[in-house]
There are 2 protein chains.
Amino acid sequence: MPSNRAGGSDSVGRMTYRDIKADILERILNGTWPPGSAVPNEQDLALEYGAARATVNRAMRELVDEGYVERKRKAGTRVRMAPVRQVRFEIPLIRKEIEERGASYRYALIRSEAMSAPDWLRARLNLKPGTEVLHLVCMHFGDGRPYQLEDRWINLAATPQGRDFDFSTVGPNDWLVQQVPYSDVEISFSATSADPEQAMLLNCHAGDALFRVERQTTWQGQVVTYVSLIYRPDHRMTTRY
Amino acid sequence: MPSNRAGGSDSVGRMTYRDIKADILERILNGTWPPGSAVPNEQDLALEYGAARATVNRAMRELVDEGYVERKRKAGTRVRMAPVRQVRFEIPLIRKEIEERGASYRYALIRSEAMSAPDWLRARLNLKPGTEVLHLVCMHFGDGRPYQLEDRWINLAATPQGRDFDFSTVGPNDWLVQQVPYSDVEISFSATSADPEQAMLLNCHAGDALFRVERQTTWQGQVVTYVSLIYRPDHRMTTRY
DNA sequence: GGATGTCATTTGTATAGACTTTAACCTTGA
DNA sequence: TCAAGGTTAAAGTCTATACAAATGACATCC
């Protein structure tokens, strides 16, 4: 075997796109190619790494994806001045979220009521006057302690099957995922003060600062559901990038 | 002009990987291939679309990336039962964040003090006893109103240049991005109650629920900085997916 | 000077073919 | 019945080549 490439070669000495990507990233991170500087073109890199241009291209495309470099035809590739700080995290089903923390999961339906959509909801979800909605309040427990309070509104015009479904054992999220698996979602994170009922359910004090996730799900132009997920005090949503 | 791209093919009738991806996604969304079902293998799809297998492969890889399908060698490709709900959003520099809301940006340094790291910070950042840190408190204003309170600790052992830098006009984040452009970041979102000083600075009431982002930045195994970013009341961080 | 056009460079994408890796499935044997 | 091992289908990757598309640089023309 002729070539001997330290740090990333198979038995034939061939570098994979991963090796190439890692090598380029290394040079960016260690300052060989500082922010703003130009990276050699694909042809030259292919030559240097003894790979096909397509292989270098794939490595580069991933580096673009991850925000390290910018590319322009004819102008070439440069290391980004300020990296694009992008967070990417998964929104697991609440059951999985709790179980992944090593706690046992329990679900409870607190309240379930079909009604005509109140004005604030109609305005928020852009519903026609008189639209029927299902209002559900549920609790999710981890190791028996309150973990998340779910306050959900389901548009019965969009999913009429929901009217007769029994949510006392299956959580509305699990059910909805079956009904409308792929949909557009708008999600937002904020802080809110516990009102007396929330404090009671979450076993904290009224006025406590709580972390809240709100999600609005749309399918084929129609809002399917709006949910407010309020976490127990001190909850943190953490990720690395 | 020969090519007519409407609908997904060029003049030769050749489909790009984007076309193929869109077509497959369409079939997933409209229920042709429901959750859990198997998608034809690459070879067959290549045949169907009149494309090379590599082209189909690229389309598929992106669908995996976006959480629509799962692939396993030998077993083939299936539509995911529950889509991987993943949020991906960018963390802009605060100046840009404010300006993108159409507001004017203003920065003010409230306090700056070099000191030996307090115990809680030492524990949190895993610093040696006696490590010197710079503690900065800054405000970011949008249209003259408080927008974000930045409470930052900089490890002077990692970035000694910070000791003599004047942060009264340049925000610490802008400065740090220059110093350590690429680093590992742990970010977390939570809610916190305004203490009296925070309330005063953010022009709200003590006890108000505030949205907080905490960020810890590591470079080459050493914690460079820890920052707590507290937003004015009612702040929401929103994204779509 | 400024608008316009041409050329060359670089990335973007497609292709056919080959080889590699994984793991589902089947066969064999205890 | 079950475990070990072989077979083989499918995705994963690489290569060499080709052409497309964008655009920076330069020349040309008015």
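What follows is calculated from the coordinates using simple rules that are stated; it is not laboratory data. Here the structure is a predicted model, which means the values were calculated and not measured. We place every Cβ from the backbone using ideal geometry, glycine too, and count neighbours over all the protein chains shown.
Starting from the label point of A:M81 at 7 Å along Cα→Cβ, the same points in the other copies fall at 4.9 nm, in ascending order. Against the main long axis of the alpha-carbon atoms of chain A, helix A:17-29 sits at an angle near 90°. The calculated FRET efficiency for A:V170 paired with B:R73, based on their beta-carbon distance and R0 = 41 Å, is about 0.75. Sorting the segments B:38-46, B:233-241 by their mean number of nearby beta carbons within 10 angstrom, highest to lowest, gives B:38-46, B:233-241.
Calculate how steeply helix B:53-65 sits against the longest principal axis of the alpha-carbon atoms of chain B, using the helix alpha-carbon long axis, and give the answer as 0 to 90 degrees to the nearest 10. So the helix axis and the longest Cα principal axis differ by about 40 degrees. Using the Cβ of B:E113 as centre and a radius below 15 Å, the other residues enclosed give a net charge of -3, where K and R count +1 and D and E count -1. Which lysines, on any chain, are close to B:K72 with Cα under 28 Å apart, when same-chain ones fewer than 8 places away are left out? The qualifying lysines are A:K21, A:K96, B:K21. What lysines sit close enough to A:K128 to cross-link, taking a C-alpha to C-alpha distance under 16 Å and skipping anything fewer than 8 places away on the same chain? Leaving aside lysines fewer than 8 places away in the same chain, none come within reach of A:K128.
Under the classification rounded if a/c is under 1.5, otherwise prolate if a/b is larger than b/c and oblate if not, where does the stretch A:47-91 fall, given a ≥ b ≥ c as square roots of the Cα gyration tensor eigenvalues? Judged from the Cα gyration tensor, the stretch A:47-91 comes out oblate (a/c at least 1.5, b/c at or above a/b).
Taking a ≥ b ≥ c as the square roots of the eigenvalues of the alpha carbon gyration tensor, the protein assembly as shown is oblate, as a/c is not under 1.5 and a/b does not beat b/c. In straight-distance terms, cross-link reach from A:K74 covers every one of the aspartates and glutamates whose alpha-carbon lies under 18 Å from its own, apart from those fewer than eight places away in the same chain; here that gives A:E42, A:D44. Fewest-first ordering of B:C138, B:C204 by other beta carbons within 10 Å of each residue's beta carbon gives B:C204, B:C138. Inter-copy label distances at A:V180, using a point 7 Å along Cα-to-Cβ, come to 4.4 nm with the shortest given first. Assuming a ≥ b ≥ c are the square roots of the Cα gyration tensor eigenvalues, decide whether the stretch A:17-79 counts as rounded (a/c under 1.5), prolate (otherwise, with a/b larger than b/c) or oblate. Rounded.
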